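Undergrad: Structure in structure tokens, see below.
Read-outs throughout are calculated quantities, based only on the coordinates presented, and are distinct from any laboratory measurement. Quick caveat, the model's predicted, so the values are computed rather than measured. Heads up, the Cβs are rebuilt from the backbone with ideal geometry, glycines too, and the neighbour counts pull from every protein chain shown.
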Amino acid sequence: MTANAIRLFRLLICLIVSALCGVANAQTSVSLWDPVAYWMPRLPCFAQACEQDTPGVTQASYGHTPRSRFRGEGRLMGVYSRLCPGTLTDSTGTYDFKKDLGFPEKMGQIETSARTQLGRYSLRYIYTYYLRAYQGSWATFQPSDFRVGADMDLIQTNSLRLGVNADINWKGSRLTYTIANVKSADIRFQRPTTYGFHFVYNPIAPTSVSLSLELRARFPWNDKALVTEYEAAGGLRFPGAMMGGATVRGGYRYTRMDLRSGDTHVEADLSGIFGELVYYY
């Protein structure tokens, strides 16, 4: 193992120990429950090595190991997306989504989501309702509409979250099509699974309006249902109260799907704009 890998491993151990034990910090004192304050004096050799790698990381007040707290959000989003290149390929040939299958080019979606956070860990759900079906003259495509996800914040303050995440769809997309006198198929693709990164800047300003930003990226984790997605949003967070505050944002999303099942291969790109109302508590 190289020296850089050893340093990274030590830092990771510090952060993981702090995160795993951090839940108790919300209701108990630092001296009893803070894992860094408790364990580092008992592991002087390990603490000294960590301090040499990253000065300050063994201190209870280190910026990447904040107090645990419960919070979350609810979100309502309207999406106006456009079908870019899209094709269906099977043993009989390749068919364009718009020219050959007659799929609509523009699509409206309503998306609802909720996130619950304890400390640096979050659980999410996302449900998408399609206002119009991807239905053509002899084919219908139903994208997966429900997924769940989890976030882990590597850096977290009152205003900022930066970390990694993972998502899994509840079921795979479905494609049904009939080629006259040649082939008829009803295919359920594998459930997409993704890993990704998130950056959220959402400062709390009790008496004034503040800037709010969110960036997310997802990348495929399995080889039969490849989904890549980039999302960027910006807007304003309004003054909050004891029970939370509202944010209004607009943004852009790009999604690429590459789905395979047997000799059937679907490729589709969706891009569009959205507006969202987010309530933070």
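Undergrad: Find out how many positive minus negative residues lie around Arg218, taking Lys and Arg as positive, Asp and Glu as negative, among other residues whose Cβ is under 11 Å from that of Arg218.
TA: +1
Undergrad: Grab the Cα-Cα distance for Gln135 and Arg71, subtract it from 0.36 nm times how many residues apart they are, and report the gain in nm with one decimal.
TA: The span from Gln135 to Arg71 would gain 19.0 nm if fully extended.
Undergrad: Something else: Got a sec to turn the phi values of segment 132-140 into Karplus ³J(HN,Hα) couplings, 6.51 cos²θ - 1.76 cosθ + 1.60 with θ = phi - 60°, whole Hz, x for Gly and Pro?
TA: After applying 6.51 cos²θ - 1.76 cosθ + 1.60, I find 9, 7, 7, 10, x, 5, 9, 8, 9 Hz.
Undergrad: What's the whole-number percent of alpha carbon pairs in segment 155-207 lying beyond 16 angstrom?
TA: 67
Undergrad: Work out Dmax and Rg for segment 178-281 from the C-alpha atoms and quote the Rg first, both in angstrom.
TA: 19.6, 68
Undergrad: Taking 7 Å along the Cα-to-C-beta vector as the label spot, tell me the Leu154-Thr92 distance in nanometres, rounded to one decimal.
TA: Each label point is offset 7 Å from its Cα along the Cβ direction, giving 4.8 nm.
Undergrad: Follow-up. With labels modelled as points extended 7 Å from the Cα through the Cβ direction, what inter-label distance (nm, one decimal) is found for Phe238 paired with Lys183?
TA: Taking the simple label geometry, Phe238 and Lys183 are separated by 5.3 nm.
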